[in-house]
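Read through the structure below, which is laid out as structure tokens, and then see the notes.
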Amino acid sequence: MMHFYRPLTSIAAMTFDLDDTLYDNHPVIDRTEKEVLCFIRQYDTKFSQFDREILRTYRQAVLETEPDIYHDITSWRRQSTELMFRHHGFNHEEAIRGADEVMSCFTYWRNQITVPESTHRTLSALAEKIPLVAITNGNAEPAECGLAPYFKFVLKAGVDGRSKPCPDMYHLAAERLNLPIHQILHVGDNLKTDVEGAIRSGMQACWINPKNTLMQKPEARLIPHIEISGLDSLIALI
């Protein structure tokens with residue numbers, strides 16, 4: 001399925017969201033949160049009765065003292081973990097060491113991602129013709145799940161600018177590609193962060209909608225240039 005809503009100009013490069021655009025991220029996150037919680041419960045008897053809600057209270061506490069931390073979700077997670085350790089009587093060195101171990105557990109499970117073979121085929125075909133870039137608000141590592149070879153580079157919220165829909169990473173991608181921003185097509189599943197963010201930044205936008213859900217307000221404040229149900233449709237555009 002492919003629907004056009006705005007005229008497309010020439011496409012010299014494509015940028016891609018990662019989570020839920022190139023693979024199903026929901027089971028990855030569910031598994032990761034369960035494994036991290038299990039690791040924390042076993043780390044010390046002080047944490048044996050912890051649940052996800054308790055962990056969220058530490059995240060909220062960090063957010064209240066540092067509101068912009070949400071742009072870097074890895075740093076946010078790490079700081080909330082250190083706070084958890086300190087709150088339960090661990091000294092500075094112990095809190096740092098504990099946070100290191102929890103984050104190692106998190107990183108391992110976060111990258112146990114199954115990328116569909118169709119995604120590999122599509123990205124491989126596209127990468128032979130135009131440069132591809134990953135732009136993510138998340139903390140998946142393309143190198144850990146076999147996606148890195150397709151991308152010229154990867155931009156991550158926090159280290160590379162504010163999170164989408166802010167324009168920082170969209171503009172940085174165009175700058176590093178040395179291309180006019182309007183010649184870049186951004187592909188993503190989120191109508192706010194991907195579609196609205198890309199269009200307001202000057203890019204063209206493709207909404208991938210594999211479940212054929214309706215484009216509803218207030219999600220869709222700006223309609224995309226194109227809507228597709230599968231990544232393989234992109235090959236026809238170049």
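The values are calculated or read from the model by the stated rules, or taken from the named source; none is laboratory data. These figures come from a predicted structure and were not determined experimentally. Using ideal geometry, Cβ is built from the backbone for each residue, glycine included, and neighbour counts are taken over all protein chains shown. With ligands, DNA and RNA removed, areas are computed over all heavy atoms of the protein, side chains included. Shrake-Rupley method; radii C 1.70, N 1.55, O 1.52, S 1.80 Å.
If exposed GluC sites (Glu not before Pro) are those in a DSSP loop with at most 14 other Cβ within 10 Å, what is the longest stretch of the chain that has none? Show your work: numbers first, answer last.
On the way: sites that count: Glu128, Glu219.
Longest gap between qualifying sites, sites excluded: 1-127.
Relative to the longest principal Cα axis of the chain, at what angle does helix 92-110 sit, 0 to 90 degrees, rounded to 10? Value to nearest ten degrees: 40.
Of all beta bridges that DSSP places with both ends in the chain, some 15 percent have antiparallel geometry. Taking a straight Cα-Cα cut-off under 25 Å and skipping sequence neighbours fewer than 8 places away in the same chain, the lysines within cross-link reach of Lys129 are Lys152, Lys156.
What angle, in degrees between 0 and 90 and rounded to the nearest 10, separates the Cα long axis of helix 73-87 from the longest principal axis of the Cα atoms of the chain? The angle comes out near 10 degrees.
In this structure the amide hydrogen of Ala13, modeled in the peptide plane, comes within under 5 Å of the amide hydrogens of Leu185, none closer than 5 places in sequence on its chain.
What does the helix-only formula give at 222 nm for the chain: each DSSP H stretch with n ≥ 4 adding -39500 (n - 2.57), the total divided by the residues, and the result rounded to the nearest 500 deg cm²/dmol? List each step's numbers first, then the result.
Working: 7 runs with 92 residues, N = 238.
Mean residue ellipticity at 222 nm (helix-derived): -12500 deg cm²/dmol.
Values of log10 I(q)/I(0) for the stretch 1-86 across q = 0.15, 0.16, 0.25 Å⁻¹ run -0.73, -0.78, -1.31, by the Debye formula with one identical scatterer at each alpha carbon and no solvent. For the chain, the longest principal axis of the Cα atoms and the long axis of helix 117-127 meet at an angle of about 60 degrees.
Structural descriptor for the stretch 74-144: relative contact order 28 percent, calculated from alpha carbon pairs under 8 angstrom and at least 6 residues apart.
Expressed as a whole percent, the accessible surface of the chain that belongs to carbon and sulfur atoms is 51, based on a 1.4 Å probe. Each Cα pair under 8 Å and six or more residues apart adds its separation to the average, and for the stretch 34-122 the resulting relative contact order is 26 percent. If you take every residue apart from Ile96 with its C-beta less than 13 Å away from the C-beta of Ile96, what net charge results, scoring Lys and Arg +1 and Asp and Glu -1? Summing Lys/Arg as +1 and Asp/Glu as -1 gives -2. Between amide H atoms placed 1.01 Å from N, distances below 5 Å from Phe153 occur with Ala134, all of them 5 or more places distant or on a separate chain. I need the Debye-formula profile for the stretch 105-179: one equal scatterer per C-alpha, no solvent, reported as log10 I(q)/I(0) at q = 0.12, 0.16, 0.17, 0.23 1/Å, two decimals. The Cα Debye sum returns log10 ratios of -0.37, -0.65, -0.72, -1.13. Taking other residues whose beta carbon is less than 12 angstrom from the beta carbon of Cys38, and scoring Lys, Arg as +1 and Asp, Glu as -1, yields +1. Got the relative contact order for the chain handy, in percent, Cα pairs under 8 Å and 6 or more residues apart? Computed over the chain, the figure is 28 percent.
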